[in-house]
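Colleague: Next up is a structure, given as structure tokens.
What follows is calculated from the coordinates using simple rules that are stated; it is not laboratory data. Model, not experiment: these values are computed from the prediction. Cβ placement follows ideal geometry from the backbone for every residue including glycine, while neighbour counts extend to all protein chains displayed.
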Amino acid sequence: MKTLIVSVLLSLSLTSQALENPRVTFETDLGKLVIELYPKEAPITVENFLRYCNDGFYTGTIFHRIIPNFVVQGGGLTFDYVKKETREPIKNESDNGLKNRRGTLSMARLPDPDSATSQFFINLNRNRHLDPKKDEAGYAVFGQVVDGMDVVIKMTKEPRGKIRGREQSPDLPIRILAVEVHDSRATNASIDE
């Protein structure tokens, strides 16, 4: 009986926590992705991402880098591979305790740890080498695909390599057609410019 009560309480606790976290739906050429965000663990990163979502930035971008068994990356290039202008980079929050596991959403960045702007990636495997090390920053995990991982896997099956200089890009762009934020708190994202 005690085990049942503990299980029910734990389940309610996890459900309550999940309901507190904002979610974002991406409508793509291949289907919908629903991503749950983790503002408690990565407040700066989530606020930045939601601001791009609410500003309509991601609508009209593509998933431009697809490496099977590694990552699917998007959020910075238009349908015709033009890099979109972004806001200032944000602080790296890779030390938040979240790991680059299959289905997690992380910020893409340049070699400078604090260089992430708009681009993100979805991990296709447990990418331990992207987690922070004792003397090295990692890639900040800030969410998880909770519905539509099958769509992400479909992306990896798309033909690639025909676009010169973009061997990791799909031959036909996989577009983000619409973005919907499912949390009233998320519509007030306010990172100082």
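Colleague: Given the pairs Lys83/Lys133; Lys91/Lys134; Lys32/Lys99; Lys40/Lys99, which span a C-alpha to C-alpha distance of over 21 angstrom in this model?
Modeller: Beyond 21 Å: Lys83/Lys133; Lys32/Lys99.
Colleague: Sticking with this structure for a sec: Which one, Phe70, Gly56, Gln144, projects farthest toward the positive side of the charge dipole computed for segment 22-186 from Cβ point charges (K/R +1, D/E -1)?
Modeller: Positive-end residue among those listed: Phe70.
Colleague: What residues qualify as long-range amide H neighbours of Ile176, i.e. H under 5 Å apart, gap of 5 or more or another chain, H built at 1.01 Å from N?
Modeller: Gly60, Thr61, Ile62, Phe63
Colleague: Work out the length of the dipole vector of segment 29-154 about its Cα centre, built from +1 on the beta-carbon of each Lys and Arg and -1 on the beta-carbon of each Asp and Glu, and round it to the nearest 20 debye.
Modeller: 360
Colleague: Let me ask something additional. Assign one of three labels to segment 22-186, namely rounded, prolate or oblate, based on the Cα gyration tensor with a ≥ b ≥ c the square roots of its eigenvalues; rounded applies when a/c is under 1.5, prolate when it is not and a/b is larger than b/c, and oblate otherwise.
Modeller: rounded
Colleague: Then there's this: With Cβ to Cβ distances under 15 Å as the rule, what net charge do the other residues near Gly138 carry (K, R +1; D, E -1)?
Modeller: That sum, taken over residues with Cβ under 15 Å, equals 0.
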